[in-house]
2 protein chains.
Amino acid sequence: MSSSLPDVDFDNLHNLLGYHLRRAQVAVFKDFEAAVGSESITPGLLGALTIIGANEGLSQNMLADALALDRSTLVSVIDKLEARQLVKREKSPQDRRRHALFLTNDGREVLARTKQKVVEHEKKISQGMSPEERAKLIDLLRGLYK
Amino acid sequence: MSSSLPDVDFDNLHNLLGYHLRRAQVAVFKDFEAAVGSESITPGLLGALTIIGANEGLSQNMLADALALDRSTLVSVIDKLEARQLVKREKSPQDRRRHALFLTNDGREVLARTKQKVVEHEKKISQGMSPEERAKLIDLLRGLYK
DNA sequence: CAGATAATGTTTGAAGGCCAACATTTGGTA
DNA sequence: TACCAAATGTTGGCCTTCAAACATTATCTG
């Protein structure tokens, strides 16, 4: 399967946080796809559905902030969700620059189903650590970006 | 700066490892660019230079394995490094399918300079945690992908 | 040895992200 | 009030990545 016989020397790469962060993220996202993929929901789409569901009527800018995505990136996320009839844009009457975002009934159903599957996914990837370790991990990760 | 007044409800997003992993990775990579950017070296390029430097003559496949990148992705990484005269491809005499990868003198110099700057970068991002916490963090991250 | 199978590097196409530039709308201020 | 600055959403260009298809070369197997 792998093509390393003489074993690669990683030098100090294994001491770099960025290296491990990237690999962990790739692995976790892959498991997410496997667990939730039947709904055709990616981590990014779940994030958007979750925040919209808990904050109906919010603007695209607020959502982009919450997800730490660029405004322009969010446009295509919402385009995709709207094309699948999970979300709708409505013009905000207070501020005509804004779009107010809402879940459709389909959106609410997909979100509910996805959330359940995500519970399993989180359980699976956290298998190798104790609840305390998991909490500590999240804490340390937040420390890296807050 | 930010556009949240009524404060966004994050629902259970803050309990998802993937969410924090992505945000931490983005932040760390951004700091990397700031610290090392003067050399125009990205995390991916540093990874390639590091592994090649410690394993001169290795093949593109072995390198892709080490970096957890797709073979096809690595082609463009090496294209870029070769265009900048930091790496050279040589046809392997033992296996004529393979390219053996080597650093040029320029490549060695850039790698050495970059490594120093990366030390500072790692110090900065690890500022908020103890050495034990940092080691634990890396350990937990490895647990997610190994 | 001959033919099938696998490994290697490459190209192409698609997805998802960023940034810069833009039009529209709002809000502050002189 | 009239102007200038900021906020909002969108578009287009670019980069990085993966996956699939391909040609070339090596290797295994009958």
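Assuming R0 = 35 Å, what is the FRET efficiency of B:ASP7 and A:LYS124, from their Cβ-Cβ distance, to the nearest 0.05?
0.65
Note the buried accessible area between B and A here, summed over both chains, with a 1.4 Å probe, in Å² to the nearest 100.
Counting both chains, the buried surface is close to 5300 Å².
Cα centroid distance between segment A:112-146 and segment B:64-89, in Å?
33
Below 22 Å, Cα to Cα, which lysines can A:LYS80 reach? Residues fewer than 8 away in the same chain don't count.
Here the lysines satisfying the reach criterion relative to A:LYS80 are A:LYS30, A:LYS88, A:LYS91, A:LYS115, A:LYS117.
Per residue, how large is the accessible surface of segment A:95-138? Use a 1.4 angstrom probe and give square angstrom.
It amounts to 64 Å² per residue over segment A:95-138.
GNM, chain B, Cα, under 10 Å: largest mean-square fluctuation among B:LEU13, B:LEU63, B:LEU49?
Highest fluctuation of the listed residues: B:LEU13.
Using a 1.4 Å probe on protein heavy atoms, which residues of segment B:125-145 have at least 10 Å² less accessible area in the complex than alone?
Those residues are B:ILE125, B:MET129, B:GLU133, B:ARG134, B:LYS136, B:LEU137, B:ILE138, B:LEU140, B:LEU141, B:ARG142, B:LEU144, B:TYR145.
Calculate, for A:ARG97 and B:GLU132, the FRET efficiency according to 1/(1 + (r/R0)^6) with r their C-beta to C-beta distance and R0 45 Å; round to the nearest 0.05.
0.35
Provide the net charge surrounding A:LEU81, with neighbours chosen by a C-beta distance below 11 Å and charges set as Lys +1, Arg +1, Asp -1, Glu -1.
Local charge sum for A:LEU81: +1.
Where only protein heavy atoms count, and the probe is 1.4 Å, what is the accessible area per residue for segment A:4-54 in Å²?
Per residue, segment A:4-54 has an accessible area of 40 Å².
If you roll a 1.4 Å probe over segment B:1-107 with all protein chains in place, what percent of the accessible area is carbon or sulfur?
49
Over all distinct Cα pairs, what is the inverse of the mean 1/r for the protein assembly as shown, reported as the Kirkwood hydrodynamic radius in Å?
One decimal place: 21.2 Å for the Kirkwood radius.
Please report the relative contact order for segment B:2-131, taking Cα pairs under 8 Å with a sequence separation of at least 6, and give it as a percent rounded to a whole number.
It comes to 25 percent, rounded to a whole number.
Would you calculate a helix-derived [θ] at 222 nm for the protein assembly as shown, using -39,500 (n - 2.57) for each DSSP H run of n ≥ 4 and dividing by the full residue count, to the nearest 500?
Helices in the protein assembly as shown give a 222 nm mean residue ellipticity of -20000 deg cm²/dmol.
Can you tell me what the convex hull of the Cα atoms of segment A:15-118 projects to on average, as an area in nm²?
Directional mean of the projected Cα hull area for segment A:15-118 stands at 7.3 nm².
Shape call for segment B:73-122 from the C-alpha gyration tensor, a ≥ b ≥ c root eigenvalues: rounded (a/c under 1.5), prolate (a/b greater than b/c) or oblate?
Note, shape of segment B:73-122 comes out prolate.
The values are calculated or read from the model by the stated rules, or taken from the named source; none is laboratory data. Predicted model only: the values in this text are computed from it and were never measured. Here the Cβ is made from the backbone with ideal geometry for all residues, glycine too, and neighbour counts use every protein chain on show. Heads up: the accessible areas ignore ligands, DNA and RNA and are worked out on the full protein's heavy atoms, side chains in. Shrake-Rupley method; radii C 1.70, N 1.55, O 1.52, S 1.80 Å.
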